[in-house]
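Worksheet: the structure to be examined is printed underneath.
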Amino acid sequence: MIDGPRSIPTPLKMKRKYTVGPESEAPASTSELPWPSLAEELADPSMDDAAERRESTVSTALHGSRLDKALVVMAGEFSRNHLQSLIEAGHVWVDGVSQTSPSRKVLAGQRLAVELIPTQECRAFRPEAMPLSIVYEDADVIVIDKPAGLVVHPAPGNWSGTLLNGLLAHHAAAASLPRAGIVHRLDKDTSGLMVVGKTLVAVTALSRQIAARDVRRIYLAVCHGYFEHSNLRISAPIGRDPRSRVRMAVSPGAGREARTDVERLAARDDTAEGALSAVRCTLHTGRTHQIRVHLASVGHPLLADLTYGGRVTGGLTRQALHATRLGFNHPISGRPMAFEASPPEDFAAVWQLLMGAR
């Protein structure tokens, strides 16, 4: 134990971690929502950007222990990794002398001090004004045409500048909703349509529709190779690639059900980049990277999708995937709603090259 701890000001709490699951894992009712509202997150003292200084005296029980171990006892609401990073950054002192080695041994009676800087994750849920391409908005929903390059939800490597940050700045009620009302996601480099709930009732109703596979999602894609099938249904379970945690893969034994309908719209085998095909994909499930994995699994990776075997071609530097159509029933009125968004310029240039060849 560490004797005589004192904390100035109120002790920080460790921010809880939540895993954002695939679209099809949305909760069926408000009672099943597994995450707190952002209002609860923002009310957490650990969300405060101000650092807290905490001091304690090393007890005899910790005599000879590593400095980072002593800090875990002193500030157990933080992970050991984060406390090690604070030591290495010079935010920890032993008897008034700054320390940078987590493995340094401490002695009974020494005075420890630490400046508890909130983690990046703690500081991620903040409003950030940004332009949002809003296709439709009413009191209950927002339909957004997301540009390629915009991350939907804060995550390691992208703790700010996300769509969630923009939604928090766009309307105050977003802070009272789980994930600011986000009920499904698009990959960072996928462009196109998304629906966001503005009230808890709307979020729950939309989540139910996604879980029941009643939300209609159609994508345009450009893939390598001449797609020989006029129509192809790909039913292949998808799971985490055991060789790489950043990839998904078709996993017959361990994956989850996934189904994509692919329609060939145009194909050419005489382009400077080799054979290319323009296809329309209809999602029936919402697994992570589903279209990208399914097309790669049949030998047709997306253009510029380096993760799954694509090549940068035609000036396109991100995966050639655009969410072009979105349909759902209004969460309050039940009225059928349908939206369409044209591809952005980078995608459209390659798309027109193929469609003009029909």
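The values are calculated or read from the model by the stated rules, or taken from the named source; none is laboratory data. This is a predicted model, so every value here is computed, not measured. All Cβ positions, glycine included, derive from the backbone under ideal geometry; neighbour counts span all protein chains shown. In case anyone asks, the SASA skips ligands and DNA or RNA and just uses the protein heavy atoms, side chains included. Shrake-Rupley method; radii C 1.70, N 1.55, O 1.52, S 1.80 Å.
Summary table
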read-out: Charged-residue dipole, Cβ positions (Lys, Arg, Asp, Glu), segment 81-125 about Cα centre, Debye nearest 20; value: 120
read-out: For segment 177-220, radius of gyration divided by Kirkwood radius, i.e. Rg to Rh on alpha-carbons; value: 0.98
read-out: Simple spin-label estimate for Arg335 and Arg311 in nanometres, 7 Å along Cα-Cβ; value: 5.0
read-out: Tail beyond 14 Å, pair distance distribution of segment 57-129 (Cα, percent); value: 57
read-out: Taking all pairs of distinct alpha-carbon atoms in segment 184-285, Kirkwood radius in angstrom; value: 16.0
read-out: Alpha-carbon spread of segment 51-210, three principal axes, descending order, Å; value: 63, 29, 24
read-out: Point-to-point label distance, Glu77-Ala108, nm (Cα→Cβ direction, 7 Å offset); value: 3.0
read-out: Length added when fully stretched, Ala139-Leu200, from 0.36 nm per residue minus Cα-Cα; value: 20.8 nm
read-out: Computed accessible area, Ser297, all protein chains, 1.4 angstrom probe, square angstrom; value: 70
read-out: Highest average packing first - 111-117, 247-253, Cβ atoms within 10 Å; value: 111-117, 247-253
read-out: Sequence ranges 193-199, 224-230, 314-320, 234-240, ranked by mean other-Cβ count within 10 angstrom, highest first; value: 193-199, 314-320, 234-240, 224-230
read-out: Ranked order, His63, His330 - accessible area, probe 1.4 Å, largest first; value: His63, His330
read-out: Calculated over segment 290-358: convex hull of Cα atoms, volume per residue (Å³); value: 132
read-out: Kirkwood hydrodynamic radius of segment 89-146, Cα pairs, Å; value: 16.1
read-out: Residues in segment 113-146 that a label on Ala172 would reach, taking backbone N under 18 Å of a point 7 Å out along Cα→Cβ; value: 126-129, 139-140
read-out: Cα-projected label distance for Ala349 with Ala155, points at 7 Å along beta-carbon direction, nm; value: 2.8
read-out: Residue-span extension gain [Val298 to Ser101] - 0.36 nm each, minus C-alpha spacing; value: 65.8 nm
read-out: Rg and Dmax of segment 244-330, Cα atoms only, in Å; value: 14.0, 45
